[in-house]
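Structure first, commentary second.
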Amino acid sequence: MTSGIGGSTAQAEFAELRPWPNPAPAISRRERQARLARARELMRQIGAEALIIGAGDSLRYFAGVPWGATERLVAMVLPLEGAPRMVCPRFELGSLEASLGVDAEMLLWEEHESPYELVARAATGATSLAIDPALPFFAFNGIAKAAPALTLLDGAPVVDGCRMIKSPPELALMSQAKAMTLEVHRRVARILAPGITTGEVRRFIDQAHRALGADNGSSFCAVQFGQASAYPHGLPGEQALEEGQIVLIDTGCQVQGYNSDITRTYVFGEPSAEQRHVWEIEKQAQAAAFAAVKPGVPCEEIDAVARRVLVQAGFSPDYELPGLPHRTGHGIGLSIHEAPYLVRGDKTPLAPGMCFSNEPMIVIPDKFGVRLEDHFHVTQDGAAWFTQPQPSLEKPFD
């Protein structure tokens, strides 16, 4: 019988939750300056004389501004020399100044004016402009028309080159987010009971993340019972829990923008022989992928190692089912999915400071799926877990 599952209530678990003790420090102004310096090094390597970063995770990374992209252009133009230049609607100036984490020159536009003309002005003297890979097409197109003499370059080598290597302060923020989510996993397992719905579980998870101090509750939450677990991202509609069903919960939160993303799979009641067998193979694949991590190893090799475990157990070597229908893992940081990726074809060499999920899910069509997902960061001689993997099927939590 599975231990640590059921036997409590949402009210009892909430009563014990408190804001996270000793929260990780915020990213400093000094670190953001170092990020800009590193971006300039990478710009020189690709022949870019300026870089544009639009609102979104990368603007938060470089400038501390936690805004999402809208139809109004908000962006940072970084020249090789001199202060960054912020292009922003004039009416947003106060909000921008309150958020900005670097010193910058302000270039403001009114509602009837073209922000792309300001981008061209911000890039004065440059002949080439590297483009944030997440910049919307309409903004790219506007810049191309406003500054036809500029050579527009792919900015991914600069943006990804900076963001894929996490600093100790970033690792600390991610560690906090992941520890918080694992604590929520422990708590939600205790409130499970026959008939509880997936919606009730999702609401508890969101409220528990909020109680611990996550930025905005759950950043996402997938709760899947029984056959719905055979679909990596679940099925629409509510499900009610029954004895003997697989429970797959995948959720995360943000701490100062940095993400967690943890999945636990266990059985409500007595596991069947097939459930036990598949869970054990999943555990072996996750462990093998972790053990293969070393600086210099190509990202795709970690995916290949996990798949070799599955092939030895009789599953498909590719994406066919039963087997693993997706990549083994993804990079994570300010974006929940970011470069590089543990997938065939990604030859990026692993390097200290890179952070990844490890989740080689096994799907048995029309029956159930098992996904164990924890995250690790690459060290000088291997890998280190942010959260310890699930100990066993019968004992999901220490």
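The values are calculated or read from the model by the stated rules, or taken from the named source; none is laboratory data. For clarity, every value in this text was computed on a predicted model and none was experimentally measured. All Cβ positions, even for glycine, are placed from backbone atoms using ideal geometry, and neighbour counts span all protein chains on display.
Which ones in region 262-289 are among the charged types (D, E, K, R) and crowded, with 24+ Cβ neighbours inside 10 Å?
In the first step, residues of region 262-289 are kept if they are among the charged types (D, E, K, R); the result is 264, 270, 274, 276, 280, 282-283.
Within region 262-289, 282 is the sole residue that qualifies.
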>> Being touching a residue at least 12 places away in the same chain (Cβ under 8 Å) and surrounded by fewer than 17 Cβ atoms within 10 Å (Cβ to Cβ) narrows it down to one residue among 50, 63, 83, 75; which is it?
In response: 83
> Would you pick out the residues in region 13-30 that are part of a helix (DSSP H, G or I), out of contact with any helix residue (DSSP H, G or I) (no Cβ under 6 Å at 6 or more places or on another chain) and touching a residue at least 40 places away in the same chain (Cβ under 8 Å)?
Replying inline: 14, 29
> In this structure, is residue 356 in a strand (DSSP E or B), buried (at least 24 other Cβ atoms within 10 Å of the Cβ), of a type in the set (Phe, Trp, Tyr) and outside the structural domain of residue 68 (by TED's automatic domain parsing)?
Replying inline: yes
> For residue 259, which of the numbered conditions (1) crowded, with 24+ Cβ neighbours inside 10 Å; (2) of a type in the set (S, T, N, Q); (3) under 30 Å from residue 195 (Cα atoms) fails to hold?
Replying inline: (3)
> Before we move on, is residue 303 part of a helix (DSSP H, G or I), touching a Ser or Thr at 6+ places or on another chain (Cβ under 8 Å) and either under 22 Å from residue 233 (Cα atoms) or polar (S, T, N, Q) (or both)?
Replying inline: yes
> Looking at (1) touching a helix residue (DSSP H, G or I) at 6+ places or on another chain (Cβ under 7 Å); (2) surrounded by 16 or more Cβ atoms within 10 Å (Cβ to Cβ); (3) at negative phi, which is the only condition residue 235 fails?
Replying inline: (2)
> Tally time: how many residues in region 228-269 are modelled with pLDDT under 95 and of a type in the set (A, V, I, L, M)?
Replying inline: 1
> Mind checking which pairs have a first residue in region 250-261 that is assigned to a loop (DSSP other than H, G, I, E, B) and a second that is of a type in the set (Lys, Arg) and modelled with pLDDT of 95 or more, Cβ under 7 Å, 6 or more apart or different chains?
Replying inline: 257/60; 260/178
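Would you pick out the residues in region 335-350 that are surrounded by fewer than 16 Cβ atoms within 10 Å (Cβ to Cβ) and either among the hydroxyl-bearing types (Ser, Thr, Tyr) or under 14 Å from residue 297 (Cβ atoms) (or both)? Can you show your working first?
Residues of region 335-350 that are surrounded by fewer than 16 Cβ atoms within 10 Å (Cβ to Cβ), as a first pass: 337, 345, 347, 349.
Within region 335-350, 347, 349 qualify.
For region 123-215, list the helices (runs of 4 or more DSSP H) that sit wholly inside it and hold at least 1 residues that are charged (D, E, K, R), crowded, with 23+ Cβ neighbours inside 10 Å and in contact with an Asp or Glu (Cβ under 9 Å, 6 or more places away or on another chain); which are they?
Because the criterion is at least 1 residues that are charged (D, E, K, R), crowded, with 23+ Cβ neighbours inside 10 Å and in contact with an Asp or Glu (Cβ under 9 Å, 6 or more places away or on another chain), the helices (runs of 4 or more DSSP H) in region 123-215 that meet it are 168-190.
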> So which residues in region 344-366 are touching an Asp or Glu at 6+ places or on another chain (Cβ under 9 Å), farther than 30 Å from residue 32 by Cα and not acidic (Asp, Glu), if there are any at all?
Replying inline: 344, 345, 360, 361, 362, 364
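Is it true that some residue in region 225-247 is under 21 Å from residue 174 (Cα atoms) and within 19 Å of the chain's Cα centre (by Cα)?
The initial filter retains those residues of region 225-247 that are under 21 Å from residue 174 (Cα atoms), namely none.
No, that holds for no residue.
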